1. Report ³J(HN,Hα) in whole Hz for each residue of the range 197-214, in order, from the Karplus equation J = 6.51 cos²θ - 1.76 cosθ + 1.60 where θ = phi - 60°; Gly and Pro get x.
2. Can you work out the accessible area per residue across the chain, with the rest of the protein chains kept in place, probe 1.4 Å, in square angstrom?
3. Using θ = phi - 60° and the Karplus curve 6.51 cos²θ - 1.76 cosθ + 1.60, what whole-Hz ³J(HN,Hα) does each residue of the range 69-81 get, with Gly and Pro shown as x?
4. Expressed as a rounded percentage, what relative contact order does the range 168-266 have, with Cα pairs under 8 Å and six or more residues apart?
5. How would the range 272-332 be classified by its alpha-carbon gyration tensor: rounded, prolate or oblate, with rounded meaning a/c under 1.5 and the a/b versus b/c comparison settling the rest?
6. Whole angstrom only: what separates the Cα centroid of the range 9-46 from the Cα centroid of the range 91-128?
7. Under a 10 Å cutoff between Cα atoms, tell me which one of G230, G337, G50 has the largest fluctuation in the Gaussian network model of the chain.
8. For the chain, give the percent of accessible area contributed by carbon and sulfur heavy atoms, probe 1.4 Å, rounded to a whole number.
Amino acid sequence: MPPEVLDLFTELASVPSPPGEERAVADLVLSYLRDCGLVADEDDAGPAIGSTMGNVFCRLEPTADGEPLLLCAHLDTVPPTAAIEPVVEDGIVRNAAGTILGADNKAAVATMLESVRRILAEGRPHAGVELLFTPKEEVGLVGAFAFDHTRLRSRLGYVYDQAGPIGVVILGAPYSQSLEVTFHGRAAHSGMHPEEGRSAIAAAARAIAELRLGRVDEDSTANVGTITGGTATNIVPEWCTFVAEARSHDERKLADLVREMQDAITFAAGVAECAVETKARKSYRGYRFAKSDRGVALAAAALGRCGHSVTYELSGGAADANVFNDRGLEIVNLANGMADIHTPDEHIAVADLEAMIDVTLALVDAAVA
């Protein structure tokens, strides 16, 4: 196998890029595109969204009739807890330092960049390819939300942002809503006058105990992710904040679940004689494709031509695809072989890095009229 994609991936992966601190990796991507003879630009979203980079965008002008494609990947990873030292053992890339590898989503970045290099080097006919690399995907698809999608000529595209074997096509992703809940109690000395206090932490605990968390039904999940509160162990805590989320593939079920959560929160506040403030925010909208939709059918054909068995799944998470599908594009998420993402066991096979280049080129070929 040519070493280019492996070398590129390990170079990208070895540079930490937690959300908001993607500058060094963005510079590597920009340098690679320039070395390919391409002109890329970076928008001004960075300062507005709290990132050291904006969205990086590049376009290959078409050399044939057909349908232009968008290839999108994000440059941030979940925060590493130690150094990132990619090593190859028995054909598998892992992190020798025992933290995340960053295959999510740098495997997709490397695949897309190397695919474009090969298109150019081989003079491969194409109907136009647009590349978009976003920041802060891991903390709410922030970069994608900030990108001006009217710049795109493509109406069809792909992200490779699903852990799983190559051949898995994602037909849908959930809707999501977050809740930031703050209980306001009354401080008092916990040893001398505890009866004068109103514990905000106890109120929050009662609320959380009443919530249906984890897998709520076949379409829906709920979680409490963070909780903070109080000032000292000898003070009845006068405040407590927790952040929760609910997700569902059914928008009506999501609304019902959020309403149920808010009712439990209000009840807990009343029992504890605390005030409560709830800030609800729609995190992102879900989507659902049919197998016959153009993007899905094109992906199935390309995967089949590359020898992969095609299966269809729903995702429990979001990707930049959620943003662009909500804006009227058709962006399909494909699994790319990465495994155990967001954990110290994260890994990807070298063969899968190369195989996704073949899939990408097959997609580009299929889009030519």
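1. x, 10, 6, 5, 5, 5, 5, 5, 5, 4, 4, 4, 5, 8, 7, 7, 10, x
2. Values: 15330 Å² over 369 residues.
For the chain, the solvent-accessible area averages 42 Å² per residue.
3. For the range 69-81, the Karplus curve yields 10, 9, 10, 10, 8, 9, 9, 8, 10, 4, x, x, 9 Hz.
4. Over the range 168-266, the number comes to 37 percent.
5. On the way: a/c = 4.64, a/b = 2.79, b/c = 1.66.
Prolate, because a/c is 1.5 or more and a/b exceeds b/c.
6. Distance between centres, Cα-based: 13 Å.
7. G230
8. Details: 7810 of 15330 Å².
Carbon plus sulfur share of accessible area: 51 percent.
The values are calculated or read from the model by the stated rules, or taken from the named source; none is laboratory data. Nothing here was measured: the structure is a model prediction, and the numbers come from that model. Glycine also receives a Cβ, built like all others from the backbone with ideal geometry; neighbour counts cover every protein chain displayed. Side chains included, ligands, DNA and RNA excluded: accessible areas come from the protein's heavy atoms. Shrake-Rupley method; radii C 1.70, N 1.55, O 1.52, S 1.80 Å.
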